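This report refers to the structure that appears directly beneath it.
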Amino acid sequence: MKLIIVAGPPSGGKTAVIRQIIKSLPEDALPAFLKVDVVHATEDEELAEEFGIPTKKVYSGDLCPDHMGILVLADALSWADELSRNMLIVESAGLCLRCTPYTTYSLGITVISAISGTNSPLKMAPLIALADVVVVTKTDLVSQAEKEVFRESIRKVVNDIDIVETNAIQGTGLRYLMRRIASQADIEAEPVTLRGAPPLGVCTICIGKKEIGWQKHFGMIRPLDMPESMYRGD
Amino acid sequence: MTRQVTLTILAGKNRSGEKEGFKSMEIRPGDTISIVGPTGSGKSAFINDIETLAQGDTVTGRTVLVNGDVPPESFIRDPAFKPIALITQNTRCLADLSVEAFLTMHIQARRSGREELLSETIDLANTFTGEKITLKSKMSSLSGGQTRALMIADALVISDTPILLLDEIENAGIFKDKVIQSLQGGNKAVIIVTHDPYLAVTTGRRIVMKSGGVSSVIEPGNNERHLIEYLAGIDDKLHHIREKLRLGNVFYSVPHELTTLPIDQGCEL
């Protein structure tokens, strides 16, 4: 089975890109789709209706969606396998964009819109640094020079990353992405693991503790005048 | 010296699935081409196909060849090699940069090491627009016209590509004549989407769009020179009035100098 993991900030065009991918897949491709979101998502229903493929969604609630994605990914691969699918496409909403969802044996795709500001690639550097491909969407909304300056900004994060520019609604320029997907190897026998180290620990705020002030929390804590975080056990 | 490139466009289909009104079209250095047609007729899609060097993989099914061949991937994906610059109607702009930072980053992408192009670009942009653009201006504080002026100057100086695509430059309130003059210098092929009659008739070829496809390609040669003169007269008058309005003039009657311009002298349409 091929594993395709698509991540990026909200409204970047992830679902539009996935729609174009499914539309352009070869006939022997049997995709399944998993959407990981925080509180509300309809993409699973839309894609199931449009393409007649098995889809699933999971809400992360108090947990960060990438954290949730990591927890459920093994189950999702078994689910797709039991349905005899040969491709699993995972869409992750991401939150802080640090806990990147890409794994070994996956094609990691970051989707980011061309109108999101020059510095946004730097702000989401881990998500880009650990990806295989950056898909820049909404390029029809900017001028040529802006598109090229945005590309330059991505190259500041990773100089030689594969960049694909598209108007995802129409699917222009996605032939390079489809070629990457076609050459993506199947998952092998070894276990699938995360590519990068996630941020340290799940803190008491992540699990819904409301009090303010470091005195009330455990895990990684930091008072205002301390330059480094420190760990306080429960 | 700008590289020399010839594009060949192989026809695709219109929205009803019918073949377009041409088989293949060559665009050579120095060509000027206008694209006309009602809104929604596929004008922007046409230049977008050129910009992405479509290989039968867009909704129109057109194929674009460079110098007779399928273009190498770097022509599309690497700004340093891309032979095409497109000025879209949308210049939303990366809002967080100064003009200087923006142009410097673009020079890095296209012409690394040519920092002197920075002042050349801004000087040219300032010949297209009324209020001066400075290097310290924020991209987001520029007006629509100033932004468009800057993008056109950027395409001419920094991108300096053999093919220039312009989507409705007349809407920006910039000095159209000066822009056209600058575009026609050098050996570039210029393709302009336009609703402006004067711009449309002054180009060497006119591509007419209808329901998503090219319906015909017109090469008027010398036959439309009377119309060009007539429209130039109208354009002069409009230009004159526009500039006076911009300076705060009030007109209580049609100005004498306008009624005496040689415009209606037996021109047959």
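This table checks each residue for (1) among the hydroxyl-bearing types (Ser, Thr, Tyr); (2) open to solvent by less than 30 Å² (accessible area, probe 1.4 Å); (3) without any contact (Cβ under 8 Å) to a residue 12 or more places away in the chain.
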{"residue": "A:GLU152", "(1), (2), (3)": "no, yes, yes"}
{"residue": "A:GLY171", "(1), (2), (3)": "no, yes, no"}
{"residue": "A:ARG195", "(1), (2), (3)": "no, no, no"}
{"residue": "A:CYS203", "(1), (2), (3)": "no, no, no"}
{"residue": "A:LYS209", "(1), (2), (3)": "no, no, yes"}
{"residue": "A:GLY213", "(1), (2), (3)": "no, no, yes"}
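If you go through region A:141-152 and keep only what is assigned to a helix (DSSP H, G or I) and facing chain B (nearest Cβ under 7 Å), you end up with A:LEU141, A:GLN144, A:ALA145, A:GLU146, A:GLU148, A:VAL149, A:PHE150, A:ARG151, A:GLU152.
Scanning region B:126-170 for residues that are under 25 Å from B:ASP78 (Cβ atoms), more than 10 Å from every other protein chain (Cβ to nearest Cβ) and part of a loop (DSSP other than H, G, I, E, B) yields B:ASP160, B:PRO162. When A:ILE18, A:ILE53, A:ILE22 are checked against the criterion of being open to solvent by less than 60 Å² (accessible area, probe 1.4 Å), within 15 Å of A:LEU177 (Cα to Cα) and over 13 Å from the mean Cα position of the chain (by Cα), a single residue qualifies: A:ILE22. Residues that are surrounded by fewer than 19 Cβ atoms within 10 Å (Cβ to Cβ) and touching a Pro at 6+ places or on another chain (Cβ under 8 Å) within region B:53-70 comprise just one, B:LEU65. Do we have A:ASN159 as without any contact (Cβ under 8 Å) to a residue 12 or more places away in the chain and within 14 Å of another protein chain (Cβ to nearest Cβ) here? Yes: the conditions hold for A:ASN159.
For region A:112-150, what are the residues that are of a type in the set (Asp, Glu) and open to solvent by 30 Å² or more (accessible area, probe 1.4 Å)?
Quick first cut of region A:112-150, residues of a type in the set (Asp, Glu) only: A:132, A:140, A:146, A:148.
Those that are of a type in the set (Asp, Glu) and open to solvent by 30 Å² or more (accessible area, probe 1.4 Å): A:ASP132, A:ASP140.
Pairing each residue of region B:109-127 that is closer than 23 Å to A:SER153 by Cβ with any residue that is of a type in the set (Ser, Thr, Tyr) and assigned to a loop (DSSP other than H, G, I, E, B), provided the two are 6+ apart or on different chains, yields C-beta distances under 8 Å for B:ILE122/B:THR134.
So that you can scan it fast, the table gives a plain yes or no per residue for (1) open to solvent by 10 Å² or more (accessible area, probe 1.4 Å); (2) farther than 15 Å from A:LYS35 by Cα; (3) out of contact with any Phe, Trp or Tyr (no Cβ under 7 Å at 6 or more places or on another chain):
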| site | (1), (2), (3) |
| --- | --- |
| A:ASP66 | no, no, yes |
| A:ILE70 | yes, no, yes |
| A:LEU73 | yes, no, yes |
| A:ALA80 | no, no, yes |
| A:LEU83 | yes, yes, yes |
| A:LEU88 | no, no, yes |
| A:CYS96 | yes, yes, yes |
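Before we move on, is A:LEU107 within 11 Å of the chain's Cα centre (by Cα), open to solvent by 10 Å² or more (accessible area, probe 1.4 Å), under 26 Å from A:LEU174 (Cα atoms) and in the same structural domain as A:VAL38 (by TED's automatic domain parsing)? When the stated conditions are applied, A:LEU107 does not pass them.
I'd like to verify a number: residues in region B:71-88 that are of a type in the set (S, T, N, Q) and either within 9 Å of chain A (Cβ to nearest Cβ) or open to solvent by less than 30 Å² (accessible area, probe 1.4 Å) (or both), how many? Working first, answer last.
Going through region B:71-88, the residues of a type in the set (S, T, N, Q) turn out to be B:74, B:88.
Next, only the ones that are either within 9 Å of chain A (Cβ to nearest Cβ) or open to solvent by less than 30 Å² (accessible area, probe 1.4 Å) (or both) stay: B:88.
Matching residues across region B:71-88 total 1.
Does B:SER41 fit the bill of being within 13 Å of chain A (Cβ to nearest Cβ) and among the small types (Gly, Ala, Ser)? The answer is no for B:SER41.
The values are calculated or read from the model by the stated rules, or taken from the named source; none is laboratory data. Computed from a predicted structure; not experimentally measured. So basically every Cβ, Gly included, is an ideal-geometry build from the backbone, and we count neighbours across all protein chains shown. In case anyone asks, the SASA skips ligands and DNA or RNA and just uses the protein heavy atoms, side chains included. Shrake-Rupley method; radii C 1.70, N 1.55, O 1.52, S 1.80 Å.
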